[in-house]
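After the structure tokens below, expect a handful of questions from me.
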Amino acid sequence: GPTGTECIKVKGKILSDAKGFAVNVGKDSSTLMLHFNPRFDCHGDVNTIVCNSKEDGAWGEEDRKADFPFQHGDKIEICISFDATEVKVKLPEAEFEFPNRLGMEKIQYLAVEGDFKVKAIKFS
Ligand SMILES: C=CCO[C@@H]1O[C@H](CO)[C@@H](O[C@@H]2O[C@H](CO)[C@H](O)[C@H](OCc3cn(-c4n[nH]c(N)n4)nn3)[C@H]2O)[C@H](O)[C@H]1NC(C)=O
């Protein structure tokens, strides 16, 4: 929301042999505000976070981040917040921004895929 204090918290553990995982938030599986996809070694990427949006089932332009603050087996808490212009993904030691390309005003869909064991999800 406008105060930016609200966030969607995803808590869990990265598998010890993780190739990659993704946190998807948006309207539904075909319309994503953010596909946050840390890749340890998959789709030709090594230790790279790929972010993207999806509109009516079509991927947008990929945005590869410079930092990769993840290690195999890590227990992490990802905090996702957004406003009309951007989505923020906060970790304890890192923060990533991605444009709210679709101008989405609310998130009604969240899915975690890949080599990540979800422990808790909290909407605060
Ligand atoms: C160099 C060849 C052409 O470019 C490549 O094209 C691939 C296909 O579009 C890109 O990979 C997709 O990138 C998307 C984001 O832009 C998604 O990450 C997509 O995977 C979606 C996905 C993964 N999973 C999934 N993983 N594990 C499980 N359980 N589910 N479910 N949906 C990936 O298959 C890949 O990121 C892209 N690479 C580059 C460097 O552009």
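Over all distinct Cα pairs, what is the inverse of the mean 1/r for the range 6-124, reported as the Kirkwood hydrodynamic radius in Å? Let's see the in-between values first.
Working: mean 1/r = 0.0704 Å⁻¹.
Final number for the Kirkwood radius of the range 6-124 is 14.2 Å.
Going by amide H atoms built from the backbone, whose H comes under 5 Å of the H on ALA18, apart from near neighbours?
HN-HN under 5 Å from ALA18: GLY73.
At most 10 other Cβ atoms within 10 Å and a DSSP loop assignment: could you name the GluC sites (Glu not before Pro) in the range 42-124 that fit?
Those that pass, being in a loop and sparsely packed, are GLU61, GLU93.
Continuing with this model, one more query. What cysteines in the chain have no other cysteine with a beta carbon less than 4.7 Å from their beta carbon?
CYS42, CYS51
At 0.36 nm per residue, minus the direct Cα-Cα distance, what do GLU61 and ASP17 gain on full extension? Give it in nm, one decimal, please. List each step's numbers first, then the result.
Details: separation 44, 0.36 × 44 = 15.84 nm, distance 2.81 nm.
Separation in residues times 0.36 nm, less the Cα-Cα distance, equals 13.0 nm.
So, with +1 on the Cβ of K and R and -1 on the Cβ of D and E, and no other charges, what is the size of the charge dipole of the chain about its Cα centre, to the nearest 20 debye?
Working: 17 positive and 21 negative charges, 107 e Å.
Roughly 520 debye, rounded to the nearest 20.
For the chain, which whole-number percentage of the solvent-accessible area (1.4 Å probe, protein heavy atoms only) is attributable to carbon and sulfur atoms? Display every interim value, and only then the final one.
Working: 3220 of 6830 Å².
Here it works out to 47 percent.
Quick one: net charge of GLY103's neighbours, Cβ under 15 Å, K/R +1, D/E -1?
On the way: positive: LYS27, LYS54, ARG101, LYS106; negative: GLU55, ASP56, ASP83, GLU86, GLU105.
Here the charged neighbours net out to -1.
Something else now. Lysines near LYS11 by alpha-carbon distance under 23 Å, same-chain residues fewer than 8 away left out - which ones?
By straight Cα distance, LYS11 reaches LYS19, LYS27, LYS65, LYS75, LYS88, LYS90, LYS106, LYS117, LYS119, LYS122.
Considering only the other residues whose Cβ falls under 13 Å of the Cβ of SER124, what net charge follows from Lys and Arg at +1 and Asp and Glu at -1? Show your work: numbers first, answer last.
Details: positive: LYS9, LYS11, LYS90, LYS122; negative: GLU6, GLU77.
Neighbourhood net charge equals +2.
Which ³J(HN,Hα) values, rounded to whole Hz and listed in residue order, are derived for the range 99-116 from phi using the Karplus coefficients 6.51, -1.76 and 1.60 in 6.51 cos²θ - 1.76 cosθ + 1.60 with θ = phi - 60°, glycine and proline given as x?
Couplings: x, 7, 4, 8, x, 5, 9, 8, 9, 10, 9, 9, 9, 10, 10, x, 8, 9 Hz.
The values are calculated or read from the model by the stated rules, or taken from the named source; none is laboratory data. Since this is a predicted model, take the numbers as computed values, not measurements. Note that each Cβ is placed from the backbone with ideal geometry, even for glycine, and that neighbours are counted across all protein chains shown. Accessible surface areas use protein heavy atoms only, side chains included; no ligands, DNA or RNA. Shrake-Rupley method; radii C 1.70, N 1.55, O 1.52, S 1.80 Å.
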